[in-house]
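In what follows, a structure is listed as structure tokens, so that the remarks can point back to it.
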Amino acid sequence: MSNINPDAARLAAALQYAHDHQDQALEELKSLVRIPSISNDKSCKPEMERAAHWLIEQLQQLGFHKVQMFQTAGAPIVYAELLTAGPNKPTALIYGHYDVQPAEPLELWESLPFEPEVRGELLFGRGASDMKGQIVAVLAALNALAQTGDLPVNLKFLLEGEEEVGSPNLDAFIISHAELLSSDFVLNPDSGMVSQDHPTITYGLRGIAYFEIRVTGPDHDLHSGIFGGIVHNPAQVLCELIAGMHDAAGRVTLPGFYDQVRPLEDSERAELRRLPINEVYYRSQTGCSEFFGEEGYTLIERATARPTLEVNGLLSGFTGEGSKTVLPARAMAKISARLVPDQDPYEVQRQLSQYLHEHAPSTVRWEMTLHSAGYPSITDLDHFAIKAMQQALEDTWGSRPLVKREGGSIPVVASMQKHLGLESVLAGFSLPEDGAHAPNERLHLPTFERGVQALVRFFTYL
Ligand code: BES
Ligand code: ZN
């Protein structure tokens, strides 16, 4: 005599399967991390293909149909679908990126970036957290469901290989394949949690405008003793230009930079204040004892809901060991702005250009280029798929998930809203201390395993 709820039994079987096959998921993740799919590195073109093929094989094994690779001007896009749940069930479009950031500086890695290594509860390797681990978590959850019954929802996958360089070829693909991608919502696990104990749903992302500025002075490097004092040093000019991009109150000085910024509502500011993210949290995450930024805003507001301008890199003159007396002919900076609704990256490009026209001295020449542009986004938290994710996270962690904005950028989220009318459920299982984009990137395996369990529940609750 048994009156076990068949839905509960079905969920329990899938959760058990996922639990029993953790090692298999870890081995799969390691094999994906071994592929150095660095989108920023042109010599990695074959590796991008390899990573795309790896995904295609996994999706085929899962029984997906129409598993396809689309070539683009850059890295290939992988598409697949499995629409067996029928027209009365929702369709989830799962987004992921299989590319990773460069691994440099290599000397700071304790194990090789593309030879994944488990040390304690952590898997080290470039992309382990951002976001190969998140992709494999979704595949493991779907496999657990597929091995123990019918899949509860219809599924489509869109996997790109250029997110870490600003997704330059994705919008064109989305626009020209709108029909193929039609679905009820997007699951985007390219985000993370506030901490191991705080499952998190992200409802806001900043946009980005990434620039390179090159300043040129003399037509070759000069002896700084013979010519120093008469030549305007391009390194100094560039530093002065950069120094002028913020005022004493930490605000960005580009003309019109804040004009389109949507002010934070009092209610949202109150919500943000309730999060366990304060000065102590940021001290432990950064190793900084004091902070800097726009006056009048809390740290979490500055890091997620206010726009910024940051120097990502500077290059000029002699930077080797010891000394060399040289007056450099050139200086270069990589600069990016993080944007919030309703800023427009192309508008910021115009503002930076105007700033340089107004402030660069006539003693040098300068040029600026835009490397990537992505729009900010805000997600509707009332969506049924968000509710399902909230429940799935709560049932897995035993506490209500936090909802917050994220300071990082995932330009596809705004593109999906704009071109397909789709909201994204942004919930992933990376942690702030995973070292994304940094040496010794790692994935916290217990959180990864809980993430798989949460995803099994999510697909079931939909
Ligand atoms: N996964 C990140 C975005 C992210 C970071 C989400 C932290 C949640 C928490 C993504 O892969 C990323 O790093 N994006 C780039 C985009 C850029 C190159 C256009 C970023 O934000 O720097
Ligand atoms: Zn990512």
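The values are calculated or read from the model by the stated rules, or taken from the named source; none is laboratory data. Remember, it's a predicted structure, so these values are computed and weren't measured experimentally. Neighbour counts are summed over all protein chains in view; Cβ atoms, including those assigned to glycine, are modelled from backbone coordinates with ideal geometry. Areas reflect the complete protein model, heavy atoms only, side chains present, ligands, DNA and RNA absent. Shrake-Rupley method; radii C 1.70, N 1.55, O 1.52, S 1.80 Å.
How do the peptides 318-328, 127-137, 375-385 rank, highest first, by the average count of neighbouring beta carbon atoms within 10 Å per residue?
On the way: 318-328: 11.9, 127-137: 28.7, 375-385: 18.1.
Final packing ranking: 127-137, 375-385, 318-328.
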Of all DSSP beta bridges located in the chain, what percent are antiparallel, nearest 5? 70
With a ≥ b ≥ c the root eigenvalues of the C-alpha gyration tensor of the chain, is it rounded (a/c under 1.5), prolate (a/b larger than b/c) or oblate? prolate
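Once neighbouring chains are kept in place and the probe is 1.4 Å, which whole percent of the accessible area of region 64-129 is contributed by carbon and sulfur?
54
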Averaging sequence separations of C-alpha pairs under 8 Å and six or more residues apart, then dividing by the length of region 187-287, give the relative contact order as a whole percent. 15
Taking the Cα centre of region 77-231 as the origin, how large is its charge dipole in debye, to the nearest 20, when only Lys and Arg (+1) and Asp and Glu (-1) carry charge on their Cβ atoms? 440
By average Cβ neighbour count within 10 Å, what is the ranking of 30-36, 201-207, 214-220 from highest down? 201-207, 30-36, 214-220
Taking amide hydrogens as modeled 1.01 Å from N in the peptide plane, which residues meet the under 5 Å criterion relative to residue 222, leaving out close sequence neighbours? 327, 329
Taking the Cα centre of region 173-248 as origin and charging only Cβ (+1 Lys, Arg; -1 Asp, Glu), how large is the dipole, in debye to the nearest 20? 120
Loop-only GluC sites (Glu not before Pro) in region 208-313, please: DSSP not H, G, I, E or B, and at most 12 other Cβ atoms within 10 Å. 265, 290, 295
For Cα pairs less than 8 Å apart in space and 6+ apart in sequence, what is the mean separation divided by the residue count of region 308-462, i.e. the relative contact order in percent? 19
Using the alpha-carbon centroid of each, what span in Å lies between region 88-128 and region 415-438? 15
Length-normalised contact order of the chain, Cα under 8 Å, at least 6 apart, in percent, tallies to 26
Rounded to the nearest 500 deg cm²/dmol, what is the calculated helix-only ellipticity per residue at 222 nm for the chain, with -39500 (n - 2.57) per DSSP H run of length n ≥ 4? -9500 deg cm²/dmol
Residue (of 134, 448, 33) at the positive-pole extreme of the chain, dipole from beta-carbon charges: 134
Choose one of 258, 343, 88: the residue whose Cα lies farthest towards the positive end of the charge dipole of the chain (beta-carbon charges +1 Lys, Arg; -1 Asp, Glu; about the Cα centre). 88
In the structure displayed, which of 89/156; 132/156; 89/132; 387/418; 42/418 lie more than 25 Å apart, Cα to Cα? 89/132; 42/418
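From the Cα gyration tensor of region 1-121, with a ≥ b ≥ c the square roots of its eigenvalues, which class applies: rounded if a/c is under 1.5, or else prolate if a/b is larger than b/c, or else oblate?
It comes out oblate by the Cα gyration axes.
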Just name one of 13, 143, 422: the one whose Cα is farthest towards the positive end of the charge dipole of the chain (beta-carbon charges, Lys/Arg +1, Asp/Glu -1). 422
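Where nothing but the Cβ of Lys and Arg (+1) and of Asp and Glu (-1) is charged, how large is the charge dipole of the chain around its Cα centre, in debye to the nearest 20?
Charge dipole of the chain: 220 debye, to the nearest 20.
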Over the chain, with neighbouring protein chains present, the accessible area per residue in Å² at probe 1.4 Å is 45
Output the peptides 89-98, 392-401 sorted from most to least packed, where packing is the average of other Cβ atoms within 10 Å over each peptide's residues. 89-98, 392-401
What whole number of Å gives the distance from the Cα centroid of region 1-48 to the Cα centroid of region 235-268? 43
